[in-house]
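Chemist: So that we are looking at the same thing, I have put the structure below in structure tokens.
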Amino acid sequence: MRRTDGPTDRPPDRPTDRRTVILSAPKDLLGFTAILLFVGCQTTSTRPGFGPLPGSATAEVELFQGRATQILAEALRADSIPVARVVEIDGVIESDWFAVPGYQVVQSRALGPGTVRVRAWVDIGKPGYSVYTIETVYRVYADPSRQERELEQPVAETHPARVKVAKLLERLVERYGEPVVKPDTGAKAPAVDTTFSIDD
């Protein structure tokens with residue numbers, strides 16, 4: 001026989017607050033999605049894990065990053081520098097190792113200032129502008145126990161490849177950069193003598 005007149009040991013069921021779960025879920029989902037997008041952007045960048053060496057050539061041009069990267073890559077190729085990699089969206093340009101003089105790609109181990117590599121970073125500058133930073137490096141010596149970047153040094157300022165890059169940047173600035181205003185030296189034009197006399 002079933003008893004119906006006494007208290008039960010089981011507590012009454014509590015209603016589930018479905019509204020709270022539904023409202024909080026999108027916020028958590030959006031935050032998690034933002035984290036995934038941020039991590040994805042960081043891990044998919046094609047830029048080197050290092051910056052340009054001190055003393056690299058720099059210039060600013062009135063071009064957006066993608067277009068500035070494309071124009072620089074075309075100019076380097078036209079100047080006989082064997083460009084191997086161009087990523088316009090990241091502003092990255094890198095050449096093969098090549099011999100100087102000759103500007104031919106070197107397949108063997110690259111050592112000494114006679115074999116160099118050019119790398120360019122194209123960064124966003126002030127609105128509507130991009131900043132070029134270009135290094136020309138050579139490998140000092142071979143050491144399998146060290147990272148390749150640790151073995152690289154900038155070539156001398158008088159190195160033909162570095163001079164070529166500097167002149168190339170000058171041409172790009174003349175075409176796409178701001179006009180250079182010559183400073184006022186403070187020199188004044190000689191005064192014109194406006195006096196005259198009438199002879200008696």
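Chemist: Say R0 is 25 Å: what FRET efficiency, to the nearest 0.05, do Glu174 and Arg149 get from their beta-carbon distance?
Modeler: E(calc), rounded to 0.05, equals 0.15.
Chemist: Below 8 Å between Cα atoms, with a sequence gap of 6+, how large is the relative contact order for segment 68-179 in percent?
Modeler: 18
Any read-out appearing in this document is the output of simple, stated calculations on the displayed coordinates, not a laboratory observation. Keep in mind that what you see is a predicted model, and the values were worked out from it rather than measured. Note that we place each Cβ from the backbone using ideal geometry, even for glycine, and neighbour counts take in every protein chain shown.
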